[in-house]
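Data block below; observations after.
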Amino acid sequence: MTLRNTWLLARGFHAPVCGAVEVLEDVLIAIGAGGFIADVVYPNEERFGALKSEAEQQGILEKLPDGGYLLPGFVDCHVHAPQYPQLGSALDVPLEVWLHRYTFPLEARFADLSYARRAYDLLVTDLLSNGTTTALYFATIHQEATRLLADICLSKGQRALVGKVAMDHPENCPDYYRDASPEAAIEGTRALIDYIFAHPVNGEGLVKPVITPRFIPACTDAALEGLGRLAQECGCHVQTHCSESDWEHGYVLDRHGMTDAASLDRFGLLGRKTMLAHSNFLTPSDMELMKVREAAVAHCPLSNAFFAGAVFPLRAALEKGLHVGLGTDISGGPSASMFEASRNAITVSRMLETGVDPEKPAAERASGQPARIDFRQAFHVATAGGAKALDLPVGQFAPGYAFDAILIDCHAPGGTIRLWDEAETGDDLLQRIIFTASKGNIAKVWVAGREVAGTHATA
Ligand SMILES: [Zn+2]
């Protein structure tokens, strides 16, 4: 069921401002021909009644089923698309070992287009079913397979940002999986950008290209310089990893004599459309620099538990005014669900605040800084916050924003939400949804007003 050119009478939640949830009770949402929200009318407005009956008479009024609540679709700010086949495995070694033992061999397989098709088809289908309406993807070094990922996102209707991974450093990338030269890394990136911009079915710009140096250790300075120039020239998004683990952070300090953020800035890779995954070890001056550049962090709490040995101070970053989105980091994080990522963000923030060493008395165990977030901040970061970080008009129900949304069915027998009190409403209900919802509760998924997935999909 496409919702273009309709009025939707809806209840649900969104969080345009961090920390505050707006409960939507029977609001009218007008969705235009291009899938953008044209108007949002609240029941206390004078015009509400007239507009509602007019839409009803014209036969363009849609209503949500009982027990159905609308949420903005999730914005997953960090996904390695080719790592989906190892989701939930290969979690036993540190990052630098994990890359060479498991991940580079897996990504190298994407030279084979039929393998790529199988993996990317399943991934995009599964992410949409999980309510991820926007995904920021790392692909592989391969031109053909990366183009295929963009094609698949377009054909399944997922909003996506797709990057050909650039990695040309002969010391840190294996011979079997590496760009042949800095020029190959830069020209391959440029070719993908051209392909996506000229794509015949991408007229609405649903899929965007991303300049994607894997991380500083994987790139030569010549490649970083060229990609920085390209970013300035084309104004495209940029994504990479930043200060993820002790090893990675230390490597960049040794090689460049400065932190990841400072070094990326030097290459022209830190700007309003930059998304830096992890960023666990940002210094105060890194944070200051990122704020000035309006660059964003993709916080990946589950992955960090396995590969970072640290917790990103999300609350401090939000209080400082940094742009932050949330990421699953498939497959460093062994879950494809942004509900899980939201819950993990809450959980690790509590542990960061209290500390975890039972040998220490409570006062010594605690970090001494307020670090906890609750479901409200997590919901914001997973939706409107990530959208703002990517500078995309999604993540909230307001005029001018695309209608990217999910319908939560709180009564779905195959779901995991169990309501014990029918009167449960407002914030309490949203908390219940954030903590207990799963794929079985996601009845419908829309991107730009088009229905693209869900257990009750009718498209
Ligand atoms: Zn990553």
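The values are calculated or read from the model by the stated rules, or taken from the named source; none is laboratory data. Just so you know, these numbers come straight off a predicted model, no measurement behind them. Cβ coordinates were reconstructed from backbone atoms using ideal geometry, including for glycine residues, and neighbour counts include every protein chain displayed. Protein only, heavy atoms only, side chains kept; ligands, DNA and RNA dropped before computing areas. Shrake-Rupley method; radii C 1.70, N 1.55, O 1.52, S 1.80 Å.
Sorting Arg266, Arg4 by solvent-accessible area of protein heavy atoms yields Arg266, Arg4, largest first, with a 1.4 Å probe.
When both region 309-352 and region 354-382 are represented by their alpha-carbon centers, they are found 13 Å apart.
Over 12 Å apart: what share of the alpha carbon pairs of region 60-102 falls there, rounded to a whole percent? Show your work: numbers first, answer last.
Working: 686 of 903 pairs.
In whole percent, the long-distance tail amounts to 76.
Multiplying the residue separation of Arg272 and Asp66 by 0.36 nm and subtracting their alpha-carbon distance yields 70.1 nm. In the chain, the calculated helix contribution to ellipticity at 222 nm averages -10500 deg cm²/dmol per residue, counting -39,500 (n - 2.57) for every DSSP H run with n ≥ 4. For region 164-216, the orientation-averaged shadow of the C-alpha convex hull comes to 4.0 nm² (one quarter of the hull surface).
Please list, by residue number, everything in region 399-413 whose backbone N is under 20 Å from a paramagnetic label point 7 Å out along Cα→Cβ of Glu25. Answer for this model: 408, 410. The GluC sites (Glu not before Pro) found in region 281-373 that occupy coil by DSSP, while having at most 15 further C-beta atoms within 10 Å, are Glu359. Using only alpha carbons, region 65-206 has a radius of gyration to Kirkwood radius ratio (Rg to Rh) of 1.01. Start at zero, step by 10 Å, and the Cα-Cα distances of region 376-427 spread as 21, 37, 31, 11 percent across the bins. Label separation (Asp194 vs Asn5): 3.8 nm, computed from points 7 Å beyond Cα along the C-beta direction.
Suppose every K and R has +1 on its Cβ and every D and E has -1 on its Cβ; what is the size of the dipole of the chain about the Cα centre, in Debye to the nearest 20? Walk me through the numbers on the way to the answer.
Numbers: 38 positive and 56 negative charges, 77 e Å.
It works out to roughly 380 debye.
Coupling constants for region 318-331 follow from the phi torsions by the Karplus curve (6.51 cos²θ - 1.76 cosθ + 1.60, θ = phi - 60°), and in residue order they are 5, 5, 6, x, 6, 6, 9, x, 10, x, 7, 6, 3, 10 Hz; glycine and proline get x.
Seen from all sides and averaged, what is the projected area of the convex hull of the Cα atoms in region 248-392, in nm²? It would help to have the intermediate numbers written out before the result.
Values: hull surface 36.4 nm².
If you wrap the Cα atoms of region 248-392 in a convex hull and average its projections, you get 9.1 nm².
Between Asp357 and Ala33, the FRET efficiency estimated from the beta carbon spacing at R0 = 41 angstrom works out to 0.10. Taking label positions 7 Å along the Cα-Cβ direction at both Asp175 and Trp247, the computed distance is 2.2 nm, reported to one decimal.
Taking 25 °C and 0.890 mPa s as the conditions, I'd like the Stokes-Einstein D for the chain in µm²/s, using the Kirkwood hydrodynamic radius from alpha carbon pairs.
110
In units of the rule-of-thumb radius 2.2 N^0.38 Å, region 192-284 shows an alpha carbon radius of gyration of 1.16.
Note on exposure: Glu225, Glu451 ranked by accessible area (1.4 Å probe, complete protein assembly) read Glu225, Glu451, with the most exposed listed first.
Among all stretches of the chain without exposed chymotrypsin sites (Phe, Trp or Tyr not before Pro) (DSSP loop, at most 14 other Cβ atoms within 10 Å), which one is longest? Answer - 177-419. For region 79-88, the Karplus equation 6.51 cos²θ - 1.76 cosθ + 1.60, evaluated at θ = phi - 60°, returns couplings of 9, 9, 4, x, 8, 4, x, 10, 4, x Hz by residue, with Gly and Pro reported as x.
Per-residue extension of 0.36 nm, minus the Cα-Cα distance of Gln431 and Thr283, leaves a gain of 50.0 nm for this segment.
Modelled label positions at Arg255 and Val17, each set 7 Å beyond Cα in the direction of Cβ, lie 4.4 nm from each other. The average projected area of region 132-193, computed from the convex hull of its Cα atoms over all directions, is 4.4 nm². Per residue, the convex hull spanned by the Cα atoms of region 68-136 measures out at 107 cubic angstrom.
Size check on region 318-459: the Cα extents along the three principal axes, sorted descending, read 56, 38, 33 Å. Coupling constants for region 162-167 follow from the phi torsions by the Karplus curve (6.51 cos²θ - 1.76 cosθ + 1.60, θ = phi - 60°), and in residue order they are 10, x, 6, 5, 9, 7 Hz; glycine and proline get x. Shown here for region 1-102: GluC sites (Glu not before Pro) in loop regions (DSSP other than H, G, I, E, B) with at most 14 other Cβ atoms within 10 Å, namely Glu45, Glu46.
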